[in-house]
Amino acid sequence: MKTQAEVQNTSMECTRFASGCGFLLAGLGIGAALSVFLAPKSGVETRKWIATKCLDQVDAANAKLRQTRLRVHELVDQGQCKVDEAVLAGREAFGAVTTAPKTEPS
């Protein structure tokens, strides 16, 4: 079972990840805008280059998303196994208490 500190660490990691993604997207947008103005290439070449870079970044983001999705599925499966084990242990403990022979007080 996770402690409160572990839960807080997990939520902080998610917040940090989301913040990092926001900064990454902002940086990509600013970089793309600056490259249009400062590019020594023609407009057609620059647009092709920007399109290629954007598609590369989309592919990289999709790959990271797939990895994250797999990791989340693994964590959910692990959590489900732990819950199943805890439920089974609880049922066994409850069954041991209810089936134990009762002794008469003397």
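The values are calculated or read from the model by the stated rules, or taken from the named source; none is laboratory data. Given the structure is predicted, the values throughout are model-derived calculations rather than measurements. Methodologically, a virtual Cβ is constructed for each residue, glycine included, from the backbone with ideal geometry; neighbour enumeration extends over all protein chains shown.
Search the range 9-34 for residues that are over 18 Å from residue 64 (Cα atoms) and pair each with any residue that is modelled with pLDDT of 85 or more and surrounded by 10 or more Cβ atoms within 10 Å (Cβ to Cβ) when their beta-carbon atoms are under 8 Å apart and the residues are at least 6 apart or on different chains.
These pairs meet every condition: 32/53; 32/54.
Just give me the residues in the range 36-62 being of a type in the set (Lys, Arg) and exposed (fewer than 13 other Cβ atoms within 10 Å of the Cβ), in sequence order. Give the steps one after another, and end with the answer.
Start the filter on the range 36-62 by keeping residues that are of a type in the set (Lys, Arg), which leaves 41, 47-48, 53.
Those that are of a type in the set (Lys, Arg) and exposed (fewer than 13 other Cβ atoms within 10 Å of the Cβ): 41, 48.
Output yes when any residue across the range 18-30 is more than 30 Å from residue 86 (Cα to Cα), surrounded by 10 or more Cβ atoms within 10 Å (Cβ to Cβ), modelled with pLDDT of 75 or more and of a type in the set (Val, Ile, Thr), and no when none is.
Within the range 18-30 (the criterion being more than 30 Å from residue 86 (Cα to Cα), surrounded by 10 or more Cβ atoms within 10 Å (Cβ to Cβ), modelled with pLDDT of 75 or more and of a type in the set (Val, Ile, Thr)), the answer is yes, since at least one residue qualifies.
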